[in-house]
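Following: one structure in structure tokens, then a few remarks.
The values are calculated or read from the model by the stated rules, or taken from the named source; none is laboratory data. Since this is a predicted model, take the numbers as computed values, not measurements. Counting neighbours? That spans all protein chains shown, and the Cβs are built from the backbone with ideal geometry, glycine included.
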Amino acid sequence: MRIVFMGTPDFAVGTLEALAASGQEVEAVFTQPDKPVGRKQELRPTAVKAAAEKLGLPVYQPARIREPENLEILKKLNPEVIVVVAYGQIVPQSILKLPEYGCLNVHASLLPAYRGAAPIQWAVLNGEKTSGVTIMQMDEGLDTGDMLAQTEITLDPQETGGSLFERLSRAGADLLAETLPKLQAGEIHPRKQPGESTTAYARMIEKKDGIIDWGRTAHQIDCQIRGLNPWPSAYTGLEGRQLKIWKASVSGESDSRKPCGTVLGAEAGGIRVQTGEGILILEELQLEGRKRMTAADFLRGRRFAAGETRLGF
């Protein structure tokens, strides 16, 4: 099939590479414009642009895909299908209806659950046991189009946002590669989604989502730590400095009457902290201005007065 690919971040790279490797005719790639980064504000290409250039594919980077000139470019490319993976722009109806097989979206959830921009992180944040990928026929709604195919995976108890990102990226690439030939052969029977999502909208993650509320349960905080790893990470305060928590585990219920966030004990195996329900054991930490380290390394040269030190802002 003649394909135009639209995508931007790392998550989309695996699908682009799988399309190219499968022998499909990728005519061109559309991605977001380069962005300035760092102190020098040097322009950095998107992950998809870098991958496309390695594959020798033409790259287009319109600031607004809905501008009329982009429709004309697409008409000349004459794709049979447009594949969209985390593109970052709303594709207008004029483009959605252009290809023979429409526009397909690779969405990192089991729709209709977790419609929105950050389904991967929210699945971990909410303590889901399963997640997956949906190949969807795009319409004008937000992740509301007919479903063409799905694959489900089981989350590991120690799953992080980063590890699930990698697993779903691979799963999405494989599923799309299986779906396109079946679509072309007329073997796909689209399924309509219900009007309402089965979960809350998976809104974009913000840095403030990383602030730990020690009044929540140990399980909820553990999900927060894993779901926001690697970005923006879960964090708290220690003596006026930011303390990132990279890894933790949940202990049994505590009989302590100490306030939430109180350090109950600190040993090489972890720092035990009182929560609203249960104890959270901090195993990997990073104090502001220092590198990430285990609890054992963190405690070298630092002592906590059990029952007196309290974490938080």
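Taking the criterion of being in contact (Cβ under 8 Å) with a residue 40 or more places away in the chain and under 20 Å from Leu148 (Cβ atoms), would at least one residue in the range 59-79 satisfy it?
So far as the range 59-79 goes, yes, one or more of its residues are in contact (Cβ under 8 Å) with a residue 40 or more places away in the chain and under 20 Å from Leu148 (Cβ atoms).
Taking the range 189-225 on its own, how many of its residues are farther than 30 Å from Glu277 by Cα and either in contact with a Cys (Cβ under 7 Å, 6 or more places away or on another chain) or assigned by TED's automatic domain parsing to the domain that holds Pro99 (or both)?
Qualifying residue count for the region: 0.
When the range 155-189 is examined, which residues are found to be surrounded by 14 or more Cβ atoms within 10 Å (Cβ to Cβ), in a loop (DSSP other than H, G, I, E, B) and over 18 Å from the mean Cα position of the chain (by Cα)?
Ile188
Condition check: outside any loop (DSSP other than H, G, I, E, B), of a type in the set (Ser, Thr, Tyr), more than 30 Å from Glu80 (Cβ to Cβ) and touching a Lys or Arg at 6+ places or on another chain (Cβ under 9 Å). Does Thr236 satisfy that?
Working: outside any loop (DSSP other than H, G, I, E, B): yes; of a type in the set (Ser, Thr, Tyr): yes; more than 30 Å from Glu80 (Cβ to Cβ): yes; touching a Lys or Arg at 6+ places or on another chain (Cβ under 9 Å): yes.
Yes.
Quick check: is even one residue across the range 273-283 free of Cβ contacts under 8 Å to residues at least 24 places away in the same chain and surrounded by 20 or more Cβ atoms within 10 Å (Cβ to Cβ)? First the steps, then the outcome.
So in the range 273-283, the residues free of Cβ contacts under 8 Å to residues at least 24 places away in the same chain come out as none.
Among the residues of the range 273-283, not one is free of Cβ contacts under 8 Å to residues at least 24 places away in the same chain and surrounded by 20 or more Cβ atoms within 10 Å (Cβ to Cβ), which makes the answer no.
Does Gln93 count as out of contact with any Pro (no Cβ under 9 Å at 6 or more places or on another chain) and in the same structural domain as Phe165 (by TED's automatic domain parsing)? Write out each step before concluding.
Working: out of contact with any Pro (no Cβ under 9 Å at 6 or more places or on another chain): yes; in the same structural domain as Phe165 (by TED's automatic domain parsing): yes.
Spelling it out, Gln93 is indeed out of contact with any Pro (no Cβ under 9 Å at 6 or more places or on another chain) and in the same structural domain as Phe165 (by TED's automatic domain parsing).
Would you mind telling me which numbered condition in (1) surrounded by 16 or more Cβ atoms within 10 Å (Cβ to Cβ); (2) within 16 Å of Val250 (Cα to Cα) Leu299 fails?
Just one mismatch for Leu299, condition (2).
Specify which of the listed residues (Tyr114, Tyr101) is over 22 Å from Gly186 (Cα atoms) and among the aromatic types (Phe, Trp, Tyr). First the steps, then the outcome.
On the way: Tyr101 fails: over 22 Å from Gly186 (Cα atoms).
Of Tyr114, Tyr101, the one residue that is over 22 Å from Gly186 (Cα atoms) and among the aromatic types (Phe, Trp, Tyr) is Tyr114.
So which residues in the range 113-143 are surrounded by 19 or more Cβ atoms within 10 Å (Cβ to Cβ) and assigned to a loop (DSSP other than H, G, I, E, B), if there are any at all?
Ala113, Tyr114, Arg115, Ala118, Glu128, Met138, Asp143
Quick check on this structure: which one of Ile188, Ile153 is in contact with a Leu (Cβ under 6 Å, 6 or more places away or on another chain) and within 29 Å of Ile3 (Cβ to Cβ)?
Details: Ile153 fails: in contact with a Leu (Cβ under 6 Å, 6 or more places away or on another chain).
Every option except Ile188 fails the conditions.
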